[in-house]
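Peer 1: Before I ask anything, let me first share the structure, which is written out below as structure tokens.
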Amino acid sequence: MNATMNHDASFEGGTVAAARPVHKTHRFKLLLLREFWEHKGGFFWAPMVAGAIFLLVTLMGMGVGEMALSRADGNVEVNGQQVSIQGLDLGRITSNMSAKDMTEFGQGINGALYVSAGWSLLVFGFVVFFYLLGALYDERKDRSVLFWKSLPISDAETVLSKVTMAIVVGPLIAIAAGLVTMLGFLLLLGLFAAIHGANPMTLVWGPANPLDVIANLLGSLPIYALWALPTVGWLLLCSSWARSKPFLWAIMIPVFAGILIGWFGLMHIVDLDLTSAWYWKNIAGRLLTSTWPGTSLAYASAHDTMSGPQAMAEAMRPYAVLGANYRLLLNPSTWIGAFAGAAMIFGAIRMRRYRDEG
């Protein structure tokens, strides 16, 4: 008797019964795991390495600062006291700081924490941009799409798993890498303060508010997912449509369109309602840059009446970043971009279904 059994069947009570179909949610989870393991270097290691490089550069900068302080001569006046630069005593310098000074000092540390976490998020922006460009093109190029289409997995599930990886799972990993970098940065600042005679808890860890930074980053994730949809949809559409060089198609189409709009306006050939500046900001900019975390804040600040030091001070208030992000929900361009991105994602699903794999 042949003991080999079909993988699609199971033996129950002496009879061969058909295996139960895999639930859709389980299939989607497996698709996400597939995307993660195939692109682990970009989504996991790249943000972690970026954070490690930042910490290394910070440590090297502190070493250079220590060498400069050891060679410095003379005194400086701080709050009416003469303090020697050589053998810097941070405890003595900060002993007479007022509560307002300490609050402003803490806001400065919070700003540095955003910078430290921002390295991982900046690298993530590049990772997700090129990931989306190759998401549907690469599988046609190596013809692995033929294998995936032979499985009971729909085109919508495949494309939406890539979208979820780009705007949910990937950002969570990047934020986690940024938080690790931020904690390492706080430890380095505390070490520097302790070496120079200050209490790290009083000078660094007390005034800083890392929980505020964490809440702003995690709480802004839904807005990021909504804001990134135009770029996600555009890149996936180019990836599903282009027969070669999707990067050039994705970049050059909006760039050349902007050049033509500017040229028509300059030559007064057509009386365009859309100005060139509006196009670059609201069309080309949204199509090409929305996957970088923080671009939503740049867009919000462009519509803010405050500027200069006042805007910077306001941005450092508790949960100010979160509030600025969620105010974008009141802006019609946010929803128009999201609907346009969703339409382009739908177009990418249809294109994957009917595109010639050859």
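The numbers here are math on the coordinates, done by the rules we state, and not lab data. Since the model is a prediction, treat every value here as computed from it, not as a measurement. Here Cβ is always computed from backbone atoms with ideal geometry, including for glycine, and neighbour counts include all displayed protein chains.
Peer 1: Would you work out if the range 225-264 is rounded, prolate or oblate? Take a ≥ b ≥ c from the square roots of the eigenvalues of the alpha-carbon gyration tensor; rounded if a/c is under 1.5, else prolate when a/b is larger than b/c, oblate otherwise.
Peer 2: Working: a/c = 3.52, a/b = 1.31, b/c = 2.69.
Here the range 225-264 falls in the oblate category.
Peer 1: Chymotrypsin sites (Phe, Trp or Tyr not before Pro), restricted to the range 117-209: which are DSSP loop and have at most 13 other Cβ atoms within 10 Å?
Peer 2: Working: sites: 119, 124, 126, 129, 130, 131, 137, 147, 148, 185, 192, 205; in loops: none.
Taking the range 117-209 and a limit of 13 other Cβ atoms within 10 Å, no loop chymotrypsin sites (Phe, Trp or Tyr not before Pro) are found.
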